[in-house]
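Step one of this worksheet: look at the structure below.
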Amino acid sequence: MFKTPKFWLISVFVVALVIRFLYFPDNVNFAYDQARDSFASLEILKGNLKIIGPPTTASDKIFHGALVYYIWAPIYFLSNHNPETVAAVMRVFNALGVFSVFYIAKNLFNPAVGLISAFLYAISFEQSQYSLFFGHPSLGVTAAMIFYFGLALWFFKQKPIGFIVALFGLGLTIQFEDANALLVLSAVAFSAIFYPKVRFTSIKTVLLGLASFCVVLSTFILAELKYNFRSSQAVFEQVFSHNSNLNVTQLGKVLVRFSHDNFISYSIFPVLVLSALTLFFVILVRKKDLRFKMLFLLVWLLGGLLPHVLNSNFTYYYSPAATVSLLILMAFLLYQLFNRWKILAIAVIIFITLSNISLTVSQNKKGPNSDIVIQPGMLTYQQKKVLDYIYQTISPQPFSVSAITVPLNINTTWSYLFEWYGWQKYGYLPVWGSEAASGFYGNLKVETARSDLPKLRFLIIEPTVGIEGYIVSDFIKHENYFSKVIDEKKFGTIVVQHRQQI
């Protein structure tokens, strides 16, 4: 049993789970985006079905897919609206990528390379960060690998079902992040390169593939029909009005980060590892029996880099699973080394493991980093402490609460936390005692008339990333006209002031 690939693959999956659940639930990040999408998911439980997903930064007419709401809704139902349970499922979902990586590498090379690739994925600091990202884009990682797995089946095993799997995976990854639509260009490039090598699939297979693609994207289709193709028009306008220049510096930074967060982070080693992989690729691509396999990995990587070229953006989730192509290339290199110089191969694996574990231990206790989330440090572990402090200070007296939030004047995050944790544990809710922008999720009663507010008041100051300092000081100065500070406490990156009306 101990020599079977299945045993080792399950063992690697367990390693992936352990790494992703280090510090859980103390490192669950829950800020505005998570609260907004949680409220939307809860509305589905009330029968309010969604065909439009979370908004994008590209345009107020372009939205992500709504599938994430349907995934979260039953989890919220079973967990009594606990966001930490959803975060746990997200980590498991990311860890399941171990199996996709194994089967892709196995189809390209052999089971040994598949196991090494799966192990590198399991210990990857970058992938552990993706697993901590409580948001729809992180689901695109495993979805993208379904796309590549289907292509590998189709191109290298001549299995027509790969065509169906690929289109299903492509639809999934677009559902979870609209920028992943650029993978359609990768699909075209793959088809152009590998078409001579594959048998043409039957009409039935083509229709089934297209049907799976359309079913997965059905929410987009319904939204376009309902809203007169406004998103398609917005995308069309952006494509033809957007001027992009190849940002070589940006690409260099992204590639170095890929190496740093997946292989060896020490000193200049990320650059050296990239150089070694590049040289290894050049040698292999010249070999006839490996040429198409190397081209497959290259197109995979370039497809993940394309969003960075067009957006000049350093964000993790603009390259879902792109680094897995490098993990597989590294696994094949280690496999070749092991057949010739076992000690060297083992030493390299040890260095890679130590580097990734070191980054994971030092960083993951803080939650996802600033390359993924806008407000690092908005952790449920600290937020629950904030609510416990507030309630236990004055319970069972009525009180009001206000906050300096990101975005400003939107109480969605704290409304969700009070409605979930505060109500379930203490049995009553505060009044929101300051301006709250209309049209956003949140059910706390808003009262701006100072004379109608309870005498006891709490001011919560979130990590003010992206907010000018004068806005914070003006907010507090205005608050000082009406209330005085009785006590102030800090919970991680969150500050709470206990105030009394003057």
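The values are calculated or read from the model by the stated rules, or taken from the named source; none is laboratory data. Just so you know, these numbers come straight off a predicted model, no measurement behind them. Cβ placement follows ideal geometry from the backbone for every residue including glycine, while neighbour counts extend to all protein chains displayed.
Just to check your reading of the model, which residue among P463, P454 is touching a residue at least 24 places away in the same chain (Cβ under 8 Å) and closer than 20 Å to S38 by Cβ?
P463
Find the helices (runs of 4 or more DSSP H) located wholly in segment 1-118 whose residues include 1 or more that are surrounded by fewer than 17 Cβ atoms within 10 Å (Cβ to Cβ), and list them.
5-20, 32-45, 67-78, 83-95
I need the full set of residues from segment 258-276 which are in a helix (DSSP H, G or I) and over 20 Å from I19 (Cα atoms), in order please.
F269, P270, V271, L272, V273, L274, S275, A276
Only one residue in S212, S186, S231, S138 is under 30 Å from S362 (Cα atoms), assigned by TED's automatic domain parsing to the domain that holds F258 and assigned to a helix (DSSP H, G or I). Which one?
On inspection, the qualifying residue turns out to be S138.
Does segment 381-399 include one or more residues that are crowded, with 20+ Cβ neighbours inside 10 Å, assigned to a loop (DSSP other than H, G, I, E, B) and in the same structural domain as V446 (by TED's automatic domain parsing)?
Yes, segment 381-399 contains at least one residue that is crowded, with 20+ Cβ neighbours inside 10 Å, assigned to a loop (DSSP other than H, G, I, E, B) and in the same structural domain as V446 (by TED's automatic domain parsing).
Out of I193, I164, I221, report the one residue that is free of Cβ contacts under 8 Å to residues at least 12 places away in the same chain and touching a helix residue (DSSP H, G or I) at 6+ places or on another chain (Cβ under 8 Å).
Step by step, each of I193, I164, I221 is checked, and only I221 is free of Cβ contacts under 8 Å to residues at least 12 places away in the same chain and touching a helix residue (DSSP H, G or I) at 6+ places or on another chain (Cβ under 8 Å).
Could you say whether any residue in segment 211-219 is closer than 24 Å to A105 by Cβ, modelled with pLDDT of 85 or more, of a type in the set (A, V, I, L, M) and crowded, with 21+ Cβ neighbours inside 10 Å?
no
Filtering segment 88-108 down to residues that are without any contact (Cβ under 8 Å) to a residue 60 or more places away in the chain and hydrophobic (A, V, I, L, M, F, W, C), which residue is nearest to F156 (Cα to Cα)?
Looking at residues that are without any contact (Cβ under 8 Å) to a residue 60 or more places away in the chain and hydrophobic (A, V, I, L, M, F, W, C), I get F93.
Can you name the number of the only condition in (1) in a loop (DSSP other than H, G, I, E, B); (2) modelled with pLDDT of 75 or more that V309 fails?
Every condition holds for V309 apart from (1).
Search segment 66-87 for residues that are free of Cβ contacts under 8 Å to residues at least 40 places away in the same chain and in the same structural domain as P54 (by TED's automatic domain parsing) and pair each with any residue that is of a type outside the set (D, E) and part of a loop (DSSP other than H, G, I, E, B) when their beta-carbon atoms are under 8 Å apart and the residues are at least 6 apart or on different chains.
Y69/K50; Y69/G53; Y70/K50; Y76/N82; T85/S79
Across segment 413-467, which residue is nearest to Y76 (Cα to Cα) among those that are of a type in the set (V, I, T) and either touching a strand residue (DSSP E or B) at 6+ places or on another chain (Cβ under 8 Å) or crowded, with 18+ Cβ neighbours inside 10 Å (or both)?
Checked segment 413-467; the qualifying residue nearest to Y76 (Cα to Cα) is T413.
Name the single residue, out of those in segment 467-501 being of a type in the set (S, T, N, Q) and assigned to a strand (DSSP E or B), that is modelled with the highest pLDDT.
In this case the residue turns out to be Q497.
Is it true that P25 is in contact (Cβ under 8 Å) with a residue 12 or more places away in the chain and within 28 Å of L120 (Cα to Cα)?
Considered against the rule, which asks whether it is in contact (Cβ under 8 Å) with a residue 12 or more places away in the chain and within 28 Å of L120 (Cα to Cα), P25 comes out as yes.
When residues of segment 414-466 are filtered for being over 26 Å from the mean Cα position of the chain (by Cα), among the small types (G, A, S), outside any loop (DSSP other than H, G, I, E, B) and under 23 Å from G492 (Cβ atoms), how many remain?
The qualifying residues number 1.
Select, from S138, S124, S131, the only residue that is of a type in the set (S, T, Y), out of contact with any Lys or Arg (no Cβ under 9 Å at 6 or more places or on another chain), closer than 30 Å to G422 by Cβ and in contact (Cβ under 8 Å) with a residue 60 or more places away in the chain.
S138
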